[in-house]
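Visitor: Encoded as structure tokens, here's the structure I'll be asking about.
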Amino acid sequence: MKYLHLTDAVRLSLVSLFLFFVSAGPVAATPLQATLYHNPGCMCCEQYAEHLNEKGYDVKIVENAALASVNRQHAVRRQLSSCHTSLIGDYVVVGHIPEPVIAQLLRERPDIRGISLPGMPTGSPGMPGQQKEPFAIRTLAGEIYATY
Ligand SMILES: [Cu+2]
């Protein structure tokens, strides 16, 4: 009898071990990969990479990028450019875009090349200060994709 009880205990712990690994599964999912290009010495670019890191992205920083040529390569017009340009999934993501908008992009998967928050607005992730007005995040064609 004692032996049987032990076996039950072992079986129970094996089951809970199994459940532990099953429930841990989604958490251990591969992080989203992001590649961020910026000109040398851009501190707010590094801060923005940190923002993505905190949201669970695996960010590869290319810090000596010739940003102008990266933008040319991905057809990012000057008016829609910022201090850095990232590649995330199949999309080009320009500037200090709050991560929830990127999550929305990856969820909705619209048929666009990418999105941009042009310039370096005060209070956006990686930029100091208080946000003064909703950010207009545009598609690379220039249309509003989201306000945040
Ligand atoms: Cu910046």
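The values are calculated or read from the model by the stated rules, or taken from the named source; none is laboratory data. A quick note: this is a predicted structure, and the numbers were derived from the prediction, not measured. Don't worry about glycine lacking a Cβ; one is built from the backbone with ideal geometry, like all the others, and counts go over all protein chains shown. What goes into the accessible areas is simple: the full protein's heavy atoms, side chains included, and nothing from ligands, DNA or RNA. Shrake-Rupley method; radii C 1.70, N 1.55, O 1.52, S 1.80 Å.
Visitor: Looking at (1) of a type in the set (Ser, Thr, Tyr); (2) within 13 Å of the ligand (Cβ to nearest atom); (3) part of a strand (DSSP E or B), can you tell me which one TYR145 breaks?
Guide: With (1) of a type in the set (Ser, Thr, Tyr); (2) within 13 Å of the ligand (Cβ to nearest atom); (3) part of a strand (DSSP E or B) applied to TYR145, the lone miss is (2).
Visitor: Also, I was wondering about something else. Residue check: is ILE102 buried (at least 22 other Cβ atoms within 10 Å of the Cβ), out of contact with any Leu (no Cβ under 6 Å at 6 or more places or on another chain), in the same structural domain as THR35 (by TED's automatic domain parsing) and within 23 Å of THR30 (Cβ to Cβ)?
Guide: Yes: the conditions hold for ILE102.
Visitor: Looking at the range 108-123, is at least one residue open to solvent by 40 Å² or more (accessible area, probe 1.4 Å), of a type in the set (A, V, I, L, M, F, W, C), at pLDDT 95 or above and within 13 Å of the ligand (Cβ to nearest atom)?
Guide: Checking the range 108-123: at least one residue is open to solvent by 40 Å² or more (accessible area, probe 1.4 Å), of a type in the set (A, V, I, L, M, F, W, C), at pLDDT 95 or above and within 13 Å of the ligand (Cβ to nearest atom).
Visitor: Can I ask one more? Within the range 133-148, identify whether any single residue is open to solvent by 20 Å² or more (accessible area, probe 1.4 Å) and touching a Gly at 6+ places or on another chain (Cβ under 9 Å), and answer yes or no.
Guide: No.
Visitor: Could you tell me which residue of the range 21-41 is surrounded by the fewest Cβ atoms within 10 Å (Cβ to Cβ), considering only residues that are at pLDDT 95 or above and within 16 Å of the ligand (Cβ to nearest atom)?
Guide: Here the answer is ALA34.
Visitor: If you check every pair at least six apart or on different chains, which have Cβ atoms under 9 Å apart with a residue in the range 31-50 that is more than 12 Å from ASN64 (Cβ to Cβ) and in a loop (DSSP other than H, G, I, E, B) first and a residue that is more than 11 Å from the ligand (Cβ to nearest atom) and open to solvent by less than 60 Å² (accessible area, probe 1.4 Å) second?
Guide: PRO31/GLY56; PRO31/TYR57
Visitor: Among the residues of the range 43-66, are any within 13 Å of the ligand (Cβ to nearest atom), open to solvent by less than 10 Å² (accessible area, probe 1.4 Å) and in contact with a Ser or Thr (Cβ under 7 Å, 6 or more places away or on another chain)?
Guide: Scanning the range 43-66, I find no residue that is within 13 Å of the ligand (Cβ to nearest atom), open to solvent by less than 10 Å² (accessible area, probe 1.4 Å) and in contact with a Ser or Thr (Cβ under 7 Å, 6 or more places away or on another chain), so the answer is no.
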